[in-house]
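Visitor: Dumping the structure here so I can ask a few things about it.
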Amino acid sequence: MTLPAISVSGLRKAYKDKVVLDGVDFEVRAGTVFSLLGPNGAGKTTTVNVLTTLAGADAGTVRVAGHDLATDAKGVRAAIGVTGQFAAVDDLLTGRENLRLMVDLNRSAVGDGERIVTDLLDRFELTAAADKLASTYSGGMRRKLDLAMTLVGNPKIIFLDEPTTGLDPRSRRTMWSIVRDLVAAGVTVFLTTQYLEEADQLADHVAVLDRGRLVAQGTPEELKRLIPGTYVRLRFATVAELDAATWLFPGATRDDDALALRVPADGGTKSLRALLDRLDEHSLSAEECSVHTPDLDEVFLALTGHTTEVDAR
């Protein structure tokens with residue numbers, strides 16, 4: 001059995017009399033994207049700081065890449081890479097010099113330093129700007145350089161804390177593509193984000209943190225099923241077929257202009273099969289059939305009563 005990349009049990013953290021994390025438990029499977037969502041002040045960044053050895057836990061057990069955080073922090077640091085909310089590049093250096101500095105500082109960077117730098121510049125499409133000062137880079141280029149610097153030493157686990165905050169949509173999607181490539185190469189990604197679409201696009205598993213406690217976790221699809229609002233939309237070719245289908249499903253809502261019917265459902269295959277079988281029993285056939293579920297924005301609001309903002313902690 002493959003051990004989890006990260007295992008957290010009973011994690012607690014307080015700053016003076018303010019409890020920030022109150023008994024948090026979760027596991028992150030190796031080679032996946034785990035996304036931690038939470039409103040302002042929920043404790044997302046504090047969680048990242050604890051897991052990356054930047055802050056100590058008050059209680060609980062944490063293992064990262066097989067290393068116990070309390071007894072082997074050095075082993076944890078050797079296995080991880082961290083990209084914070086703000087790009088940690090040196091504006092007085094070029095892109096190439098920033099990467100070369102990271103190679104010189106990172107003892108785990110194995111092999112020829114110049115080859116590592118060249119490969120990373122190419123991988124992140126920064127070769128053309130490699131010898132320009134980082135201060136001249138766009139926001140998207142700075143984030144790519146920051147992530148490239150994180151990959152020096154080939155970490156097994158990467159923590160991305162709000163990695164696309166402030167980026168334009170095109171740069172954000174470029175970062176998504178990079179994250180997918182990392183996971184395809186076997187890297188585990190721990191992602192905090194204020195963009196629920198980002199979690200929906202990237203995450204294999206999502207945990208929702210509110211006031212220091214996890215209020216729900218699961219795949220994006222599992223979380224969407226936690227709140228009502230899922231329905232099957234059926235579009236018919238004729239008004240007669242729409243009338244007949246409306247009679248079959250008394251709780252449905254009809255749209256006469258579109259010749260469509262919205263039938264409440266749980267989104268599972270079993271209920272969908274039963275719905276289609278019922279149509280077939282009465283010799284009805286829909287021109288189109290689609291399942292609509294609440295998005296993560298609706299799930300998040302229902303679970304926390306808040307909207308997401310940049311997390312102060």
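Visitor: Here is a list of conditions, (1) farther than 30 Å from THR32 by Cα; (2) under 31 Å from the mean Cα position of the chain (by Cα); (3) among the aliphatic types (A, V, I, L, M), and ALA302 meets all of them except one; can you say which number that is?
Guide: Failed condition: (1).
Visitor: Something else: Report yes if some residue within segment 179-189 is buried (at least 18 other Cβ atoms within 10 Å of the Cβ), part of a strand (DSSP E or B), in contact with a Ser or Thr (Cβ under 6 Å, 6 or more places away or on another chain) and modelled with pLDDT of 95 or more; otherwise report no.
Guide: Checking segment 179-189: not a single residue is buried (at least 18 other Cβ atoms within 10 Å of the Cβ), part of a strand (DSSP E or B), in contact with a Ser or Thr (Cβ under 6 Å, 6 or more places away or on another chain) and modelled with pLDDT of 95 or more.
Visitor: Can you work out which of the residues in segment 125-176 that are closer than 24 Å to VAL50 by Cβ and hydroxyl-bearing (Ser, Thr, Tyr) is surrounded by the fewest Cβ atoms within 10 Å (Cβ to Cβ)?
Guide: Selected residue: THR165.
Visitor: Taking the condition surrounded by 14 or more Cβ atoms within 10 Å (Cβ to Cβ), among the aliphatic types (A, V, I, L, M), modelled with pLDDT of 95 or more and more than 30 Å from ASP210 (Cβ to Cβ), does LEU279 pass?
Guide: For LEU279, the condition - surrounded by 14 or more Cβ atoms within 10 Å (Cβ to Cβ), among the aliphatic types (A, V, I, L, M), modelled with pLDDT of 95 or more and more than 30 Å from ASP210 (Cβ to Cβ) - is met.
Visitor: Just give me the residues in segment 177-202 being small (Gly, Ala, Ser) and closer than 17 Å to GLU298 by Cα, in sequence order.
Guide: Residue satisfying the conditions is ALA199 alone.
Visitor: Considering only helices (runs of 4 or more DSSP H) fully contained in segment 52-128, which possess at least 2 residues that are within 23 Å of the chain's Cα centre (by Cα) and more than 23 Å from THR164 (Cα to Cα)?
Guide: The qualifying helices (runs of 4 or more DSSP H) are 73-79.
Visitor: Let me ask something else. Restricting attention to segment 234-265, which residues are under 29 Å from ALA207 (Cα atoms) and either surrounded by 15 or more Cβ atoms within 10 Å (Cβ to Cβ) or among the aromatic types (Phe, Trp, Tyr) (or both)?
Guide: Looking only at segment 234-265, we keep the residues that are under 29 Å from ALA207 (Cα atoms), and these are 264-265.
If the condition is that a residue be under 29 Å from ALA207 (Cα atoms) and either surrounded by 15 or more Cβ atoms within 10 Å (Cβ to Cβ) or among the aromatic types (Phe, Trp, Tyr) (or both), then ALA265 is the only one that fits.
Visitor: If you don't mind, there's one more thing I want to ask. Sort through ARG115, ARG100, ARG63 and tell me the only one that's free of Cβ contacts under 8 Å to residues at least 60 places away in the same chain, under 28 Å from GLU198 (Cβ atoms) and of a type in the set (D, E, K, R). First the steps, then the outcome.
Guide: Details: ARG115 fails: under 28 Å from GLU198 (Cβ atoms); ARG100 fails: under 28 Å from GLU198 (Cβ atoms).
After applying the criteria, what remains is ARG63.
Visitor: Okay, moving on. Residues that are free of Cβ contacts under 8 Å to residues at least 12 places away in the same chain: find the helices (runs of 4 or more DSSP H) completely inside segment 196-313 holding 1 or more of those.
Guide: 220-224, 239-248, 269-281, 296-304
Visitor: Tell me which residues, restricted to segment 118-156, are among the polar types (S, T, N, Q), free of Cβ contacts under 8 Å to residues at least 60 places away in the same chain and within 27 Å of LYS74 (Cα to Cα).
Guide: ASN154
Visitor: Scan segment 195-216 for residues that are over 8 Å from the mean Cα position of the chain (by Cα) and among the charged types (D, E, K, R) and jot them down.
Guide: GLU197, ASP210, ARG211, ARG213
The values are calculated or read from the model by the stated rules, or taken from the named source; none is laboratory data. The model shown is predicted, which means the values in this text are computed figures rather than measured ones. Ideal geometry is used to build each Cβ from the backbone, glycine not excepted, and the neighbour counts take in all protein chains shown.
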